[in-house]
Amino acid sequence: MPNVTVALPNIGGALCSTPQSLADFANAFNSLHRSDMLLSVRDCLPELYAFCLSSYSQPSFLYFCSHVLLSGEGPQQGDPLGPLLFCTTIHPLITSLGSDFTLGYLDDLTLAGPQNVVASDIQKVAAEGSKTGLCLNPSKCEVICHPDLKIVDQTIESFNSVNVADATLLGAPLFPGKVLDDT
């Protein structure tokens, strides 16, 4: 789950009193534990379980010149089921969050709500994500808020600060201005 965006219920005026954040997971698709992925498929998509088990129960061989590498984490690159397998695995975590607004798209996650709830959810995503092989990448995490807003959570405070006028959601500008004009 590379990106986790922490957004707001009323994005326009709310950025004065609540933050929006974007959290990024390092190498999400390649880091997801296959054992967790297979358990999710077994529980949620039993019709696909036998096929996925035959594809993912053992490491894959990757060939590079005379070198052979074993690939034992995440869906295989190019697998058309890869996004489904990834999302099925993280879906229980996403639905367990308490933010007023939760939007997930593949490895991007948007959360909105009061700062303390969003901060709690970020902590939960970091803790539960690490159990499945997903680790937050703080250097790519962002917080979008009014400059006067005091961020009280250390994790969110450590995110890169982004000007409200430059705010995007899944790559789409949220407000008129330079970011919108440049797209």
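The values are calculated or read from the model by the stated rules, or taken from the named source; none is laboratory data. For clarity, every value in this text was computed on a predicted model and none was experimentally measured. Because the Cβ atoms are built from the backbone with ideal geometry, glycine has one as well, and the counts that use them run over all protein chains shown. These accessible areas exclude ligands, DNA and RNA; they are computed on the full protein's heavy atoms, side chains included. Shrake-Rupley method; radii C 1.70, N 1.55, O 1.52, S 1.80 Å.
Residue-wise test of (1) modelled with pLDDT of 90 or more; (2) over 16 Å from the mean Cα position of the chain (by Cα).
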| position | (1), (2) |
| --- | --- |
| Ala14 | no, yes |
| Ser17 | no, yes |
| Asp24 | no, no |
| Ser55 | yes, yes |
| Ser66 | yes, yes |
| Asp79 | yes, yes |
| Ser99 | no, no |
| Leu111 | no, no |
Discussion item. Need a quick list: helices (runs of 4 or more DSSP H) entirely within segment 77-164 having at least 3 residues that are closer than 27 Å to His33 by Cα.
Written reply: 82-95, 115-131
Worksheet entry | Failed condition for Phe86, given (1) closer than 24 Å to Gln123 by Cα; (2) in contact with a strand residue (DSSP E or B) (Cβ under 9 Å, 6 or more places away or on another chain); (3) of a type in the set (Phe, Trp, Tyr) | (2)
Worksheet, complete the sentence: When segment 52-73 is checked residue by residue, the ones that are in contact with a strand residue (DSSP E or B) (Cβ under 8 Å, 6 or more places away or on another chain) and part of a loop (DSSP other than H, G, I, E, B) are Pro59, Gly72
Practice prompt. Look at Pro80 and say whether it is within 28 Å of Ser60 (Cα to Cα), free of Cβ contacts under 8 Å to residues at least 12 places away in the same chain and open to solvent by 30 Å² or more (accessible area, probe 1.4 Å).
Written response: yes
Practice prompt. Consider Leu103 carefully, then state whether it is modelled with pLDDT under 85, under 13 Å from the mean Cα position of the chain (by Cα), closer than 20 Å to Phe25 by Cβ and aliphatic (A, V, I, L, M).
Written response: yes
Response to the item:
Checked against (1) more than 15 Å from Ser31 (Cβ to Cβ); (2) open to solvent by less than 60 Å² (accessible area, probe 1.4 Å), Val125 satisfies every condition except (1)
Worksheet item: Here are Leu85, Leu97, Leu69: which of them is closer than 21 Å to Ser21 by Cβ and either of a type outside the set (S, T, N, Q) or exposed (fewer than 13 other Cβ atoms within 10 Å of the Cβ) (or both)?
Response: Leu97
Worksheet item: Counting just the residues of segment 150-161 that are open to solvent by less than 90 Å² (accessible area, probe 1.4 Å) and without any contact (Cβ under 8 Å) to a residue 40 or more places away in the chain, which one comes out farthest from Leu22 (Cα to Cα)?
Response: Asp153
